[in-house]
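All remarks here apply to the structure that follows.
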Amino acid sequence: MTLIELAGLLGLNLLLIVAVMLGLWTLSLRLKDVSFIDGVWPLGMLFLALITFPRTDGDPVRKGLLLWLCAVWAIRLGWHLLHRWRAHGADKRYTEILEGQAAKGWSFGKTALLFVFLPQAFLAWLNSLPTQLGQIAPVPPIGWIGWIGAVIVVVGIAFESIGDAQLAAFRKDPGNKGKVLDSGLWRYTRHPNYFGDACVWWGLWLIAAETGWIGFASILGPIFLTFTLTKWSGIGITEKSTARTKPQYADYIRRTSAFIPMPPKKD
């Protein structure tokens, strides 16, 4: 594939995901809520993998592996987040953004478009570069690095799924209201769901990276995703909100790793 063809592939993918997000933006205008975007976002990344599949001539095994692993991750996470949205309603993070811009005279539609849906379109496109660029090269066939990547993806999906299940079970118990979950995977990392996400996309990158410089260049995706989870809109925002409502969370932070699972510090 020439550079012009590559640019055309990625450019069309970006336009298509923007079109999808514009459609979802119109839905948010009717609902007066944007919180469902969290559940749709992983499905948008699957959409990008799907529309790339018939337009590339990469190794069939690698293409199939990238697509199916992405599908398992996206459908599981998308269902989980959409179910959470339906159960709990609008997300406070988005409510604060909308209210803050409304105080400046911005309409709901303008804020939703410029602060939520268009940025999410670009981020989905950027973060899913491994499943787009990894489908291009027909050679070499998938090798041991790719299979290691697949194992890392499976571990990441399992880690994230178990962490989400443990948190859901904890929240269902009325006796845990106001308490901090510090058992199971949450004993070793304050964010097993974020760590699992990162494992998934670093694993998919390893599968893509075997194809040469094009696949290797997709490292921009997992790098930015990890930055997002650890430094931008993930850990920081989540922990600031939790610390305001749970005083014991400060002690949990002191003894528990923020991201990479590690044995808790002793008192």
Taking the conditions exactly as written (hydrophobic (A, V, I, L, M, F, W, C), in contact (Cβ under 8 Å) with a residue 24 or more places away in the chain and surrounded by fewer than 17 Cβ atoms within 10 Å (Cβ to Cβ)), does Phe53 satisfy them or not? yes
Tally, over region 176-194, of residues that are outside any helix (DSSP H, G or I) and more than 19 Å from the chain's Cα centre (by Cα): 8
Does region 38-59 hold any residues that are touching a Leu at 6+ places or on another chain (Cβ under 7 Å), modelled with pLDDT of 95 or more and of a type in the set (Gly, Ala, Ser), and which are they? Ala49
Take the residues of region 234-267 that are touching a residue at least 40 places away in the same chain (Cβ under 8 Å) and loosely packed, with under 13 Cβ neighbours inside 10 Å: which is farthest from the chain's Cα centre (by Cα)? Gln248
Restricting to region 221-239, what's the tally of residues that are among the small types (Gly, Ala, Ser) and at pLDDT 90 or above? 1
Selection status of Gln166, farther than 22 Å from Phe47 by Cα, among the polar types (S, T, N, Q) and either touching a Pro at 6+ places or on another chain (Cβ under 9 Å) or in contact (Cβ under 8 Å) with a residue 12 or more places away in the chain (or both): yes
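The values are calculated or read from the model by the stated rules, or taken from the named source; none is laboratory data. Since the model is a prediction, treat every value here as computed from it, not as a measurement. Every residue, glycine among them, receives a Cβ derived from its backbone with ideal geometry; neighbour counts consider all protein chains shown.
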